[in-house]
């Protein structure tokens, strides 16, 4: 493999690994902050216990999200020097802003939250986890505005042998970036909701701490239902944006080969990439695909054949990932609806099959999120910046395949080990359940009270 | 003033503050098993840096991000030319963060010992690598129109290595003083005594660094051209001596501040010598990466200036507040066994 192929593989591996931890952080920070706020306002110790228990799992996950994030920033320069040089005038800004307005906030206040239990007032302590939650969500906004620009470049001119920013406002208001932000954000909330519901289900099945875990489950079910509805709703608008701005990606997502008007949505599609057609197209809903693409059932959709083959993304991974993600998205709405009704009617403990399903459903939203990123990034190929710069022109010239083999091997080994340690720790502390006396936990920072 | 110059100054400040802040937690990390005689003492040392190391490290991410936003060509070439060195830095930083977060989560001694060793090595390597990297930047990289003509091993030249050792010693003294300031009793005394001992090695290497710089780099040209800048290296030398003098008087906190000043002034000394280059070419000055030929457009620099002017003071304000919240000293006798760290 050459430097390009290896660098792409390495970016995929490191980005996907990073994105195992980030979405849970996005959602769980809000849930923990909510739990702590409930504790502060009601004084009810069960919420303190919840804050401690879910907070510990939050921190184990958070650690890896932070450290794997630095890799992403470094890699733009290390492996994608031509990209960085060509679009740095625009792309560098949101990254630097992300560090300045979000990372500092996040990492300063997480320190305060971990070590500050007895240093600051209860209210200030709860506020500090809210600051972490806001900062992580804010950080997602800036990075997705940056990614949104790669998907739909706006506010720039090509000048001095590079892309230069001429309208910062256009980048800030880039609809693609904002849709992607909300879609990603809500998918993270779904992940967090399933994480909490799954672990709560485990304990409810075992009969441990039923009150504690029923309460936790209910909070997560409400949050999860709202989020899975929102992620689907935003996803619908996001698809329209893709159809408008990235016709090749949309055509690949749906495996549309011929340009046609009023296309049906076929539930059964088997793409035949070699012959540039679908070998099976069945169970169609008339006009539905055109409606999904442009919210107009008569609209014309451009097929892949209207683009030369060198401008088409890999069809099969884009198509399958999109179908998989969408199907999972619908499943999440169903599961969270059942979860919400069962916890509202207090029937959760008796629905053992459902609890078992929710336990094993923990990985599903993670898979959906990864599939979503495959659609976004593989579907954008061959472009790294859609219509402006090709991925093949973006790779570092001075980096040799041997160097990338070395780094890829290093990342695989290091990340593999970290994943095992992280899963071990999460499982250990998730199974252990909440500490019986939360005041014990508080006393750990008594040392700092002189 | 030109926006490129504003960003050159900001770039220097971000790196200097980064070295000053992460420097002491690197130092404390490197010294973990040397100063911490038992689990309680080790835990105390880690607790002194626990609340702050994460916020310190963001200065690096911001320095990197600012290089990307303000000088994208330098960012692109620096990061791709120094590929292997940065990879090692990255791996160290990843392991370092994880080792502090995870060490308290296991129950066996073996678990803790392994993470402690990881923390020590992963505090040492970034200190060395950052020094080697900056030594090589001061010297210039072998680059021209056709790209980079070196490898990871060309970075390990005598001047680069000397700068690496210089950074390691600076951070060791800095970290030992930090531990001394933040703890009580025997641990604090041993830490300040150790800082005093390492200081002699630091002095020798600092003198060697200043002398070698005259031969290996072009940094002094700017000073000869405008001698008023000699103020910065002079302050670096004075504050370096100040560490020892204040330390002997038993004023650990003042000695720590003096070592903060030393790190800031050493960084500025190097960066002033670089101006207007960000990375000189050791082959031909035509290919120097300067703040003019590698900068973003003036439009981008203006926007980033507004962002920096508004947000950097806010960041500094809440970080100072954060340090004040955790200003009290820790004692190994009362560090609790609970918690994540």
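The values are calculated or read from the model by the stated rules, or taken from the named source; none is laboratory data. Everything numeric here is computed off the predicted structure, so don't read it as measured data. Cβ atoms come from the backbone with ideal geometry, glycine included; neighbour counts cover every protein chain shown.
Within the stretch B:258-279, is even one residue in a loop (DSSP other than H, G, I, E, B), in contact (Cβ under 8 Å) with a residue 12 or more places away in the chain and within 30 Å of residue B:76 (Cβ to Cβ)? Walk me through it before giving the result.
If we filter the stretch B:258-279 for residues that are in a loop (DSSP other than H, G, I, E, B), which is where we start, we get B:275-276.
Pick out the ones that are also in contact (Cβ under 8 Å) with a residue 12 or more places away in the chain and you get B:275-276.
Filter once more, so that each one left must be within 30 Å of residue B:76 (Cβ to Cβ): B:275-276.
For the stretch B:258-279, residues in a loop (DSSP other than H, G, I, E, B), in contact (Cβ under 8 Å) with a residue 12 or more places away in the chain and within 30 Å of residue B:76 (Cβ to Cβ): present.
Yes or no: residue B:107 more than 7 Å from chain A (Cβ to nearest Cβ), outside any helix (DSSP H, G or I) and modelled with pLDDT under 95? Break it down into steps so the answer makes sense when it comes.
Numbers: more than 7 Å from chain A (Cβ to nearest Cβ): yes; outside any helix (DSSP H, G or I): yes; modelled with pLDDT under 95: yes.
Answer is yes for this residue.
Enumerate the helices (runs of 4 or more DSSP H) found wholly within the stretch A:332-446, keeping only those where 3 or more residues are within 14 Å of chain B (Cβ to nearest Cβ) and without any contact (Cβ under 8 Å) to a residue 60 or more places away in the chain. Steps first, answer last, please.
Working: elements: A:352-360, A:363-378, A:401-432, A:438-442.
Per the criteria, A:401-432.
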Can you name the condition, by its number, that residue A:58 falls short on among (1) in the same structural domain as residue A:211 (by TED's automatic domain parsing); (2) within 30 Å of residue B:295 (Cβ to Cβ); (3) in contact (Cβ under 8 Å) with a residue 24 or more places away in the chain; (4) crowded, with 24+ Cβ neighbours inside 10 Å? (2)
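To keep it simple, each residue is scored yes or no on (1) within 12 Å of another protein chain (Cβ to nearest Cβ); (2) surrounded by fewer than 23 Cβ atoms within 10 Å (Cβ to Cβ); (3) on the phi > 0 side of the Ramachandran plot.
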site	(1), (2), (3)
B:12	no, yes, no
B:19	no, no, no
B:23	no, no, no
B:26	no, no, no
B:39	no, yes, no
B:47	yes, no, no
B:52	yes, no, no
B:57	yes, no, no
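In this structure, does residue B:30 turn out to be within 9 Å of chain A (Cβ to nearest Cβ) and either closer than 23 Å to residue B:171 by Cα or touching a residue at least 60 places away in the same chain (Cβ under 8 Å) (or both)? Full working, then the answer.
Numbers: within 9 Å of chain A (Cβ to nearest Cβ): no; either closer than 23 Å to residue B:171 by Cα or touching a residue at least 60 places away in the same chain (Cβ under 8 Å) (or both): yes.
In short, no.
Given the residues A:200, A:163, which is the only one that is more than 27 Å from the chain's Cα centre (by Cα), over 22 Å from residue A:372 (Cα atoms) and surrounded by 16 or more Cβ atoms within 10 Å (Cβ to Cβ)? Before you say what the answer is, go through the steps one by one.
Working: A:200 fails: more than 27 Å from the chain's Cα centre (by Cα).
It is A:163.
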Being within 18 Å of the chain's Cα centre (by Cα) and more than 7 Å from chain A (Cβ to nearest Cβ): is that true of residue B:62 here? no
Exactly one of B:291, B:279, B:272 is touching a helix residue (DSSP H, G or I) at 6+ places or on another chain (Cβ under 7 Å) and under 30 Å from residue A:171 (Cα atoms), and that one is B:291
Exactly one condition in (1) under 24 Å from the mean Cα position of the chain (by Cα); (2) touching a residue at least 40 places away in the same chain (Cβ under 8 Å); (3) not in a helix (DSSP H, G or I) is false for residue A:154; which is it? (2)
Inside the stretch A:150-181, can you point out the residues that are closer than 13 Å to residue A:246 by Cβ and touching a strand residue (DSSP E or B) at 6+ places or on another chain (Cβ under 8 Å)? A:150, A:153
Given the conditions (1) away from chain B (no Cβ under 14 Å); (2) assigned to a helix (DSSP H, G or I); (3) under 27 Å from residue B:298 (Cβ atoms), report the number of the one that residue A:193 does not fulfil. (3)
